[in-house]
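Working notes, structure below.
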Amino acid sequence: MTNFTEQDHQYMQRAFELAEIAKVKGEVPVGAVLVKDGEVVSEGFNQPILSNDPTAHAEVVALRKAGKALQNYRLVDTTLYVTLEPCAMCAMALVHARVSKVIFATEDPRTGAGGSVLNILKYQTFNHHCDVSSGLLKDQCSEQLKAFFKKKRNK
């Protein structure tokens, strides 16, 4: 089990709050926070429905904002905190962006690409690999997702 710092908890808590914004807007509740040198560079939450953009996952939204903020498409020495394990699209974007570390709260047993179904973040033949940790605020984020889908099914 990874030893998470107080700062790690704060960043993941912020990602959880961003996921709540997504939920209120009718999106799957996923939030992401990108950090460099102890400072938040960017944030994102799921918004493919709102934006009519299938790529507008929380991670991609945060990466796009970070690229603009840092004036660079390579986001070296950054850490992404995200409430749900990245999908294949997001994992590949993280690899291409050269994100150093990904910390996700809960696994995605259907499409997770951070180690549960696929392991794109550490795929051996790629020229970049992300360090990966998971489980930070797992119960809280998992419950948020389960409640969202339960409510959606009951409508």
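The values are calculated or read from the model by the stated rules, or taken from the named source; none is laboratory data. Quick caveat: nothing in here was measured; it's all calculated off a predicted structure. Methodologically, a virtual Cβ is constructed for each residue, glycine included, from the backbone with ideal geometry; neighbour enumeration extends over all protein chains shown. Note: areas computed on protein heavy atoms with side chains; ligands, DNA, RNA excluded. Shrake-Rupley method; radii C 1.70, N 1.55, O 1.52, S 1.80 Å.
Observations on the model:
- Projected label distance in nm at F149 and H129, using a 7 Å step from Cα toward the beta-carbon: 3.0
- Most fluctuating residue given options A62, A93, A15, as computed from a GNM of the chain linking Cα atoms under 10 Å: A93
- Its Cα gyration tensor gives the chain an equivalent ellipsoid; the semi-axes, largest first and in whole Å, are 22, 17, 16.
- Accessible surface of the stretch 66-139 [probe 1.4 Å, protein heavy atoms]: carbon and sulfur percent: 50
- For the stretch 2-155, averaging the sequence separation of C-alpha pairs within contact (under 8 Å, six or more residues apart) and dividing by the residue count gives a relative contact order of 19 percent.
- Number of Lys-Lys pairs in the chain with C-alpha atoms under 19 Å apart and a separation of 8 or more places or on different chains: 20.
- Where M89, M12 fall by accessible area, highest first, once all protein chains stay in place (1.4 Å): M89, M12
- Whole-percent P(r), the stretch 8-52, all Cα pairs, 5 Å bins from 0: 6, 26, 28, 20, 13, 6, 2.
- Using the 1.4 Å probe convention, the accessible area of the chain works out to 53 Å² per residue with neighbouring protein chains retained.
- Screening the chain for DSSP H helices whose Cα atoms reach 15 Å or more along their own axis and whose mean Kyte hydropathy is at least 0.5 gives 58-70.
- With the helix formula -39500 (n - 2.57) applied to DSSP H stretches of n ≥ 4, the chain reaches a computed 222 nm mean residue ellipticity of -12500 deg cm²/dmol.
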